[in-house]
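The structure appears below as structure tokens.
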Amino acid sequence: MALIAHEDKPIFHIAPAAGWVNDPNGPFMYKGQYHLFYQHLPEGCEWAFGLVWGHAVSADLIHWEHLPHAMVPTAKSLDADGCFSGCATVDTDGTPILLYTGVRLRTNVDAQPPPPPECDLNLPFIESQLYALPADPDDPLLVDWVKEAAPFIGVPPPNMNLTGWRDPFVVERPCSANDYEWVVLMGSGIKEVGGATIVYRTRSLKHKDSWRYDGLLCVGDGDTGAPDSGAQALGPNV
């Protein structure tokens, strides 16, 4: 991407040609290229449903090339109304993987049915945790991605009165110190209490039966008089 002088546009920071941008995901190095993904709405300058994942690569973290969107919503699927934030990492077998939250509006009659009542957060949209893999792992640019239709975690923990459940973020890779499990955080919140961060563990990012809920890393202070922790603690990478 050429560096264009513009008083209102940063020179050494990634910015798409137009539209809304937020939530960087990644980066990781793969076959000589740094890959960075970001939330993007190419047709508008305000947040809205329909979010896609932008994708850019660089050999030096200064000069960036924008590639086609890595992920876009798929009609009648768990991400029919948006590919929300998450994280990008490289699996233990050396294959890149994108973890993200897919959303579908409750008013979308073509989307899939709601979760069971004990796991339904009763939001205007329904969240599922999904992943995507590169179509061609030999491609250093990783231009094309294939989304897995089935979620790696389909529903949030039951009966927790949550205000949200999204933005999976890998905080630890498998090693002897964590019993060779991935440790993944999920942004959330508890009604009348405040923001919360959920912990999950798994031996495999792709096998849903391997995932297990492992409690809360932190939670808001409720009515204790402490500073407001907000209704949700989203984007646990921040």
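With r as the distance between the Cβ atoms of Y34 and N161 and R0 = 41 Å, compute the FRET efficiency 1/(1 + (r/R0)^6) and round to 0.05.
E between N161 and Y34, to the nearest 0.05, is 0.55.
Defining a contact as two alpha carbons under 8 Å apart and six or more residues distant in sequence, what relative contact order in percent does the range 70-146 show?
Normalised by residue count, the contact order of the range 70-146 is 29 percent.
In whole Hz, what ³J(HN,Hα) sequence does the range 73-87 give by Karplus (6.51, -1.76, 1.60; θ = phi - 60°), x for Gly and Pro?
These are the phi-based 3J(HN,Hα) values: x, 10, 4, 6, 10, 6, 10, 4, 10, x, 9, 6, 5, x, 7 Hz.
Quick one: grab Rg to one decimal and Dmax as a whole number for the chain, Cα atoms only, in Å.
Computed over the Cα atoms of the chain, radius of gyration and Dmax are 18.2, 55 Å.
When all C-alpha to C-alpha distances in the range 137-238 are sorted into bins of 10 Å, what percent of pairs does each bin hold, rounded to whole numbers?
Percent of Cα pairs in each bin: 15, 38, 31, 13, 3, 0.
If the chain between L141 and D214 were fully stretched, how many nm would it gain, using 0.36 nm times the residue separation less the Cα-Cα distance?
Length difference between fully extended and current span is 22.8 nm.
Would you please give the FRET efficiency between H207 and L67, computed as 1/(1 + (r/R0)^6) with r the Cβ-Cβ distance and R0 = 25 Å, to the nearest 0.05?
For H207 and L67, the calculated efficiency is 0.30.
Residue-wise, which Karplus ³J(HN,Hα) couplings in Hz belong to the range 107-120, taking 6.51 cos²θ - 1.76 cosθ + 1.60, θ = phi - 60°, and x for glycine or proline?
7, 7, 5, 8, 7, 6, x, x, x, x, x, 5, 10, 8
Rolling a 1.4 angstrom probe over the protein heavy atoms, how many square angstrom per residue are accessible across the range 132-238?
51 Å²
Please compute the alpha carbon radius of gyration of the range 82-187, then divide it by the globular-protein estimate 2.2 N^0.38 Å. Two decimals is fine.
Against the empirical 2.2 N^0.38 Å value, I get 1.19 for the range 82-187.
In whole Hz and in residue order, list the ³J(HN,Hα) couplings for the range 14-23 that follow from phi through the Karplus curve 6.51 cos²θ - 1.76 cosθ + 1.60, θ = phi - 60°; x for Gly and Pro.
Once rounded to whole Hz, the list reads 5, 8, x, 4, 7, x, 6, 9, 6, 6.
For a quick protection proxy, order the peptides 77-90, 156-169, 129-142 by their average other-Cβ count within 10 Å, most packed first.
So the order, starting with the most tightly packed, is 77-90, 156-169, 129-142.
The values are calculated or read from the model by the stated rules, or taken from the named source; none is laboratory data. This structure is a prediction, so every number in the text was calculated from the model and none was measured. Cβ: placed from backbone, ideal geometry, glycine included. Neighbour counts: every protein chain shown. Please note that ligands, DNA and RNA were not included when accessible areas were found on the heavy atoms of the full protein model with its side chains. Shrake-Rupley method; radii C 1.70, N 1.55, O 1.52, S 1.80 Å.
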